[in-house]
Amino acid sequence: MRFHFKTDYDHDIRLFPDWWNFSLYAALLAVMVALPFVISSFYLGEVTNVLIWAIAGLGLMMLTGQTGQVSLGHSAFMAMGCYTCVILMEAGVPFVAAFVLCGIITGVIGALIAIPALKLHGVYLAIATLALAILADDIIVILSPWTGGVNGKFAPDLMIFGYEINRWVNPGAWYYMALVVVLVVTLIYRNILRSPLGRAFAAVRDSEISAQAMGVDIARTKTMAFGISCAITGLGGALMGLFAGAFNNETFNFLLAIQLLMMIVIGGLGFIHGAFLGAIVVAFLPQGLSILTDQMGRGFNIPGLEMGVFGLLLIAFIIFEPHGLYGRWLKLRIWLELFPFARRDLFRRQKSYLKTERLR
Amino acid sequence: MSLLELNNVTLKFGGVTAVNDLTMSVEEGQVYALVGPNGAGKSTVFNMISRFYRPAAGSITFDGHDLLKLKSHEVPQLGIARTFQNIELFDRATVLQNLLVGRHRLRRTTLVEEMFFVGRARAQEREHRLAVEEVIDFLDLQPYRNQMIAGLPYGVRKVVELARALSTKPRLLLLDEPASGLSVEETQDMRWWIDDIRRQMGITVLMVEHDMGLVSKVCDRVLALDGGKKLAEGTPAEVQSHPKVIEAYLGTGAISKTANAKGERV
Amino acid sequence: MEFMQLLLSGLANGCVYGLVALGFVLIYKATEAVNFAQGDFMMLGAFVMLGLVNPQYMGMNFWLAVPIALLIMGALGYLLDLTVLRHMFGQNQTAIVILTIALGFVIRFVTGAIWGHEPVNLHSPLALGDIRAFGVVLSLADIAVIIVTVIMTMLLWQFFQRTKLGLAMQAASQNQMAAYYMGIPVKRVQGAVWALAGMVACVAGILYASKGSLDISAGFIGIKAFAAAVIGGFGSLPGALMGGLIVGVIEPFAARYLPPGYSQIAPYALLILVLIFRPHGLFAQVRTKKV
């Protein structure tokens, strides 16, 4: 067990509480940087996929995990990010600028869409955003002149300062690009969490009434949460579309949004680590299942198996470990640190009763 | 001019008149208590000052500002902080984070500064933490500073709520039943704290409290309410001996501190 | 005449939406949870019926199979509550939303594994005849759907207003702890509600399958039923039916009079408008929480 003797206020502000913690993450980063030299390009592609899912997941995490607003419509913002980025590139904007711009545009539009949704709570917000995700498909078809409709679009060549990044020619470069985006997004996420805005998010999540009494403007805070969340998810969507190479109106359907939400729940709501752990599950589950069915013989393919297993996993997590994989890890760590003094019901959940806010 | 003035304030819920033509004023530096039986409209007065409810008639001013023109989240900007009767803390955050939310009204950074933690962001965080640590020291919350609210005992939560309100650097502090549910020792602490808040920090306090023992020890002025109407106003001793108060609030029996010191909760 | 034809077929479709929406509202009224899997319940109910009736499976008599299918779905609803949902007792709505979405995926997967992924037809006596009158063609199934839906709604509504169990269900949802103290067996009441919702879903499924072909993606009409429930106001049974009818009627008219591409949007656009301007539905009174 490590003890923290705090001698100045920066201790609480720092990104890493101590040297040990810092070196762990530095080691992880070193491994990530060395990865292209170690594993095959197929698995490198899979890891890139994990990183992309993690970016999109971090976006939704900001909204659902930090601010407590459920969205079943984030696939719409992934689509928006992706289409904006590609349309900008086709208009001659260099890739790096187009990529940053698509995040900003998606964020602004997300914040604007949030304004009428501010009054909605819980289930109503979930339904409204779900409708948005379903509408996105039709809207892309209606906007065919720009989006290519059902025929879709192909991702243009990616050039960063004259250096071409191609998934098939140099997968390592693609991987590094995704890694840089992940690092920047994670840093921004952490910074927001240690700033007044991040605490305002938590305040809105836990008690809107007392947040107001502390001077937090609920409407503004929720709008900001939507904006930032949509911007990050838009970046994830842009990367996803570019990585896939081609996309159309059905690439970003509402099932993707649901999968994204399930992903962050499995990973652990409200934790940055949760988005990454969830992304690993989402990206590797199909691989794992296909290996498993291969071994069961004849390599047969069961349609819907992936979503079915995913659903079962999720049910198990919600019932037995609502804090997700990361929550389970935290408990394990505490148990190890206390060993052998951990009590059996150390983590017992408090019994809770539901009291409605509706009067009829 | 008084710090807080309510003039002829009336509020109705459907057919029920919760507050009826209430006029009161709190002077700077006072500790002022609202007393009265359950349902007398005490918390409703608080909720009108916090702008959760809008009175049907009358005016509420704070230091010359018309509170009725403001939205709920703008009220704290003037320097009004409050606690809640049924503790409303941010359960999934630590004590420290809860108190830091209290500093929200003093935020000066822009979104971009916070996203990249540049410019004023770091200096501002240090400043916030310095202020919050002072409150933690004042209220002896050091053992709990990094604990989640969800696991804390009731008495501690009550103190955290007070601490969060103090973190906003208020001029007027609204305390909704600060001693309800507290043990005798905790109530004793609360009494010293309220005294110190007034003396050392120069904060005006308006509180709702059932514990007449506490009220008579810390308050300068007391206003008794019943059925949304003012029954009596004056020093604690005056109000406690006022015949109408004895009849409506304390019953016809003798005025005893113990009878009301049991800390009833609504 | 074209107008009448569109209206009637819209009403018949709307009744199915309404029935699924009734399932949502039932569970919402009694447990404060929202069952995103209700559409998949309906799909499963239809397949259970198909398994009983169709010749390649059990080949039972249709009318004999109806109560059996209802019983199976009721039992399934109860079992689901017992095994899964009871663990969620007292948890917040969001967790239950995500849980039921996952449940929908599992139901779809299991159904696909048992009955396959090809569209199939239920051998239903309702699926045979047409009635022609005043230049309007109405299938027997459409008429049956309308009649059954109206009866079901009335029955359920009366059940909630009048019977002891119905009132207990409402009480249990509004304040679980208080309901406990008043001697209402909250958990058992919840089980009963899920069973009931399973049966309602089964009725909807049988009617849906009588109207046309059936495959495992049928459950997605749950989303339209959702729109219906919200439009009607989530807490109200007649509201759910009305919402269903509105969505059902809008669809054929939008398909007829709007340019292609815009017609699918209509129900969702209405849903979003309702959520913005009357967040608690067209037929509900709005009240807010007291501090």
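Legend: mean number of C-beta atoms from other chains within 10 angstrom of residue C-beta atoms, peptide A:253-261, equals 2. Its relative contact order, with pairs defined as Cα atoms under 8 Å and 6+ residues apart, puts chain B at 26 percent.
Looking at chain A, which longest stretch skips every one of the GluC sites (Glu not before Pro) that is in a DSSP loop with at most 15 other Cβ atoms within 10 Å, leaving the sites themselves out? Formally, the longest exposed-site-free interval is A:1-249. Solvent-accessible area of chain A (1.4 angstrom probe, protein heavy atoms only): carbon and sulfur portion equals 67 percent.
Between C:Asn121 and C:Ile143, what length comes free when the chain is fully extended (0.36 nm per residue of separation minus the Cα-Cα distance, one decimal in nm)?
6.0 nm
When chain A is treated as a Gaussian network with alpha carbon springs shorter than 10 Å, the biggest mean-square fluctuation among A:Gln69, A:Gln259, A:Gln287 belongs to A:Gln287. Comparing Cα centroids, the stretch A:93-147 and the stretch C:222-274 end up 22 angstrom apart. Figure note: A:Arg220, B:Arg157, A:Arg199 ranked by solvent-accessible area, largest first, 1.4 Å probe, ligands and nucleic acids not counted: A:Arg220, B:Arg157, A:Arg199.
Rounded to the nearest whole Å², what accessible area per residue is found for chain A with the 1.4 Å probe? List each step's numbers first, then the result.
Details: 16180 Å² over 360 residues.
Value for chain A: 45 Å² per residue.
From the alpha carbon centroid of the stretch B:57-100 to that of the stretch C:61-76 is 58 Å.
Counting only complete DSSP H runs, which helices of chain C cover 27 Å or more along their long axis at the Cα atoms and score a mean Kyte-Doolittle of 1.6 or above? Working shown, then result.
On the way: long enough: C:2-31 (43 Å, 1.30); C:62-83 (31 Å, 1.87); C:93-115 (32 Å, 1.82); C:140-162 (33 Å, 1.64); C:186-211 (38 Å, 1.09); C:237-257 (30 Å, 1.18).
Helices meeting the span and hydropathy rule in chain C are C:62-83, C:93-115, C:140-162.
Taking all protein chains into account, the per residue accessible area for the stretch C:2-218 stands at 39 Å² (1.4 Å probe). Using the membrane-span-like helix rule (whole DSSP H runs, Cα extent along the own axis of at least 24 Å, mean Kyte-Doolittle hydropathy at least -1.0), which helices of chain B qualify? Helix filter hits for chain B: B:121-138.
Taking trypsin sites (Lys or Arg not before Pro) that fall in a DSSP loop and have at most 13 other Cβ atoms within 10 Å as cut points, what is the longest piece of chain C between them?
Values: sites that count: C:Arg287, C:Lys289, C:Lys290.
Result for the longest clean stretch: C:1-286.
Given +1 at the Cβ of Lys and Arg, -1 at the Cβ of Asp and Glu and no other charges, the dipole of the stretch C:2-218 around its Cα centre is 640 debye to the nearest 20. Interface area, chains C and A: about 5000 Å² of buried accessible surface, summed, with a 1.4 Å probe and ligands, DNA and RNA left out. Taking every protein chain into account, the 1.4 Å probe leaves B:Met201 with about 80 Å² of accessible area, to the nearest ten.
Between chains A and B, what is the buried accessible area summed over both chains (1.4 Å probe, protein heavy atoms, nearest 100 Å²)? All intermediate terms of the calculation are to be shown ahead of the outcome.
Details: alone 20460 and 12570 Å², together 29710 Å².
Its buried surface, counting both partners, is about 3300 Å².
For the pair the stretch B:155-187 / the stretch A:182-241, the C-alpha centres are spaced 29 Å from each other.
By the rule of a second cysteine Cβ within less than 4.7 angstrom, chain A holds isolated cysteines at A:Cys82, A:Cys230.
Kindly work out what percent of the DSSP beta bridges joining two residues of the protein assembly as shown are antiparallel, to the nearest 5. Intermediate values should be presented prior to the final figure.
On the way: 31 of 47 bridges.
Percentage antiparallel, nearest 5: 65.
Of all the options B:Ile194, B:Ile49, B:Ile246, the one that moves most in a Gaussian network model of chain B with Cα springs shorter than 10 angstrom is B:Ile246.
Can you give the average number of partner chain beta-carbon atoms within 10 Å of each beta-carbon in peptide C:274-280, as a whole number? Mind showing how you got there, number by number?
Details: counts 1, 9, 7, 1, 0, 8, 3.
The per-residue average across the peptide is 4.
About the centre of its Cα atoms, chain B shows a dipole size close to 660 debye [charges on the beta carbon of Lys, Arg (+1) and Asp, Glu (-1) only; nearest 20 debye]. Between C:Gly129, C:Gly77, C:Gly112, the Gaussian network model of chain C with springs among Cα atoms under 10 angstrom shows the greatest mean-square fluctuation at C:Gly129. Where q = 0.09, 0.14, 0.17 Å⁻¹, what log10 of I(q)/I(0) comes from the Debye formula for the stretch A:1-151, counting one point per Cα? Values, matching the q order: -0.47, -0.96, -1.13. Is any helix in chain A, taking whole DSSP H runs, at least 27 angstrom long along its axis by alpha carbon and on average at least 1.6 on the Kyte-Doolittle scale, and which ones? Once both thresholds are applied, what remains is A:19-38, A:95-117, A:122-142. Residue farthest toward the positive end of the dipole of the stretch C:2-218, with Cβ of Lys/Arg at +1 and Asp/Glu at -1: which of C:Asn61, C:Ala172, C:Leu99? The Cα lying farthest towards the positive end belongs to C:Ala172.
Using a 1.4 angstrom probe on protein heavy atoms only, the contact between C and B buries about 300 square angstrom of accessible area, both sides summed.
Counting only protein heavy atoms, what percent of the accessible surface of chain B is carbon or sulfur at a 1.4 Å probe? The value for chain B is 50 percent carbon and sulfur by accessible area.
Based on the Kirkwood radius over alpha-carbon pairs, what is the Stokes-Einstein translational diffusion coefficient of the stretch A:35-253 at 37 °C with 0.692 mPa s viscosity, in µm²/s? Mind dumping the intermediate values first?
Working: Rh = 17.9 Å.
Translational D for this selection: 184 µm²/s.
Under a 1.4 Å probe, what is the accessible area of the stretch B:1-149 per residue, stated in Å²?
Working: 5970 Å² over 149 residues.
Counting only protein heavy atoms, the per-residue value for the stretch B:1-149 is 40 Å².
Positive end of the dipole of the protein assembly as shown (Cβ unit charges, origin at the Cα centre): among C:Tyr78, A:Ile160, A:Ile228, the Cα lying farthest that way belongs to C:Tyr78.
Between A:Leu292 and A:Val93, what's the calculated FRET efficiency when r is the beta-carbon distance and R0 is 51 Å? Round to 0.05. Before the final figure, lay out the partial values.
On the way: r = 44 Å, r/R0 = 0.87.
Using R0 = 51 Å, I get an efficiency of 0.70.
Among the residues of the stretch A:94-135, those with an accessible-area drop of 20 Å² or more from chain alone to full protein complex, heavy atoms and 1.4 Å probe, are A:Pro116, A:Lys119, A:Leu120, A:Val123, A:Tyr124, A:Ile127, A:Ala128, A:Leu130, A:Ala131, A:Ile134, A:Leu135.
Report in % the part of the accessible area of chain C that belongs to carbon and sulfur, leaving out ligands and nucleic acids; probe 1.4 Å.
On the way: 8080 of 11760 Å².
In chain C, the share of accessible area belonging to carbon and sulfur is 69 percent.
Among the chymotrypsin sites (Phe, Trp or Tyr not before Pro) in the stretch A:242-298, none is located in a DSSP loop while being surrounded by at most 15 other Cβ atoms within 10 Å of its own Cβ.
The values are calculated or read from the model by the stated rules, or taken from the named source; none is laboratory data. Keep in mind that this is a model prediction, so the values were computed, not measured. Note that each Cβ is placed from the backbone with ideal geometry, even for glycine, and that neighbours are counted across all protein chains shown. What goes into the accessible areas is simple: the full protein's heavy atoms, side chains included, and nothing from ligands, DNA or RNA. Shrake-Rupley method; radii C 1.70, N 1.55, O 1.52, S 1.80 Å.
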